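Visitor: Supplied in structure tokens, the structure appears directly below.
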Amino acid sequence: MYDLKELVEQTPLDRLIYLYRATLHRALCDALGILDQTEKVKKNFIEDAQKYIGSPDFYEVCFLARSNPIEIINLYEKLKKENIKTRKSIAKRLQTN
């Protein structure tokens with residue numbers, strides 16, 4: 001993740017790309033159940049995020065984030081098979097890139 005000073009010094013386009021990538025990261029984490037919410041709230045977040053992955057909006061955000069949607073979908077499918085501890089570890093590493 002960028003610190004605030006680094007983010008402010010970026011071009012407006014770079015800041016938008018960062019925003020869209022953060023949106024994709026959050027959606028991926030939500031779809032994989034990496035949440036600190038109550039179980040009822042968590043279930044709704046997970047279901048909504050799972051529907052979002054692969055949706056037309058998802059593809060548009062990938063385009064805006066200059067990210068490959070197929071790679072993200074493949075990563076999601078792979079991570080779904082992992083346990084929650086592994087998911088959290090990988091999500092943390094993705095967030096810092």
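Visitor: Would you say LEU75 is surrounded by 17 or more Cβ atoms within 10 Å (Cβ to Cβ) and within 12 Å of the chain's Cα centre (by Cα)?
Guide: no
Conditions (1) assigned to a helix (DSSP H, G or I); (2) in contact with a Lys or Arg (Cβ under 7 Å, 6 or more places away or on another chain); (3) at pLDDT 85 or above; (4) not polar (S, T, N, Q), marked per residue:
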| position | (1), (2), (3), (4) |
| --- | --- |
| LYS5 | yes, no, no, yes |
| ALA27 | yes, no, yes, yes |
| LYS42 | yes, no, no, yes |
| ARG66 | no, no, yes, yes |
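Visitor: Moving on to the next point. Go through region 83-94 and give me each residue that's open to solvent by 70 Å² or more (accessible area, probe 1.4 Å) and either more than 14 Å from the chain's Cα centre (by Cα) or in contact (Cβ under 8 Å) with a residue 12 or more places away in the chain (or both).
Guide: Across region 83-94, the qualifying residues are ASN83, ILE84, LYS85, LYS88.
Conditions tested, residue by residue: (1) free of Cβ contacts under 8 Å to residues at least 60 places away in the same chain; (2) open to solvent by 90 Å² or more (accessible area, probe 1.4 Å); (3) among the hydroxyl-bearing types (Ser, Thr, Tyr).
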site: ILE17; (1), (2), (3): yes, no, no
site: TYR20; (1), (2), (3): yes, no, yes
site: ARG26; (1), (2), (3): yes, yes, no
site: LEU32; (1), (2), (3): yes, no, no
site: VAL41; (1), (2), (3): yes, no, no
site: ALA49; (1), (2), (3): yes, no, no
site: ILE53; (1), (2), (3): yes, no, no
site: CYS62; (1), (2), (3): yes, no, no
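Visitor: Do we find that LEU35 is assigned to a helix (DSSP H, G or I) and either under 24 Å from PRO12 (Cα atoms) or not β-branched (Val, Ile, Thr) (or both) in this structure?
Guide: For LEU35, the condition - assigned to a helix (DSSP H, G or I) and either under 24 Å from PRO12 (Cα atoms) or not β-branched (Val, Ile, Thr) (or both) - is not met.
The values are calculated or read from the model by the stated rules, or taken from the named source; none is laboratory data. Just so it is clear, the structure is predicted and the values come from calculations on it, not from any experiment. Quick reminder, even Gly has a Cβ in these numbers, built from the backbone with ideal geometry, and neighbours come from all protein chains shown. Each accessible area value is taken on the protein alone, full model and side chains, heavy atoms only, with ligands, DNA and RNA left out. Shrake-Rupley method; radii C 1.70, N 1.55, O 1.52, S 1.80 Å.
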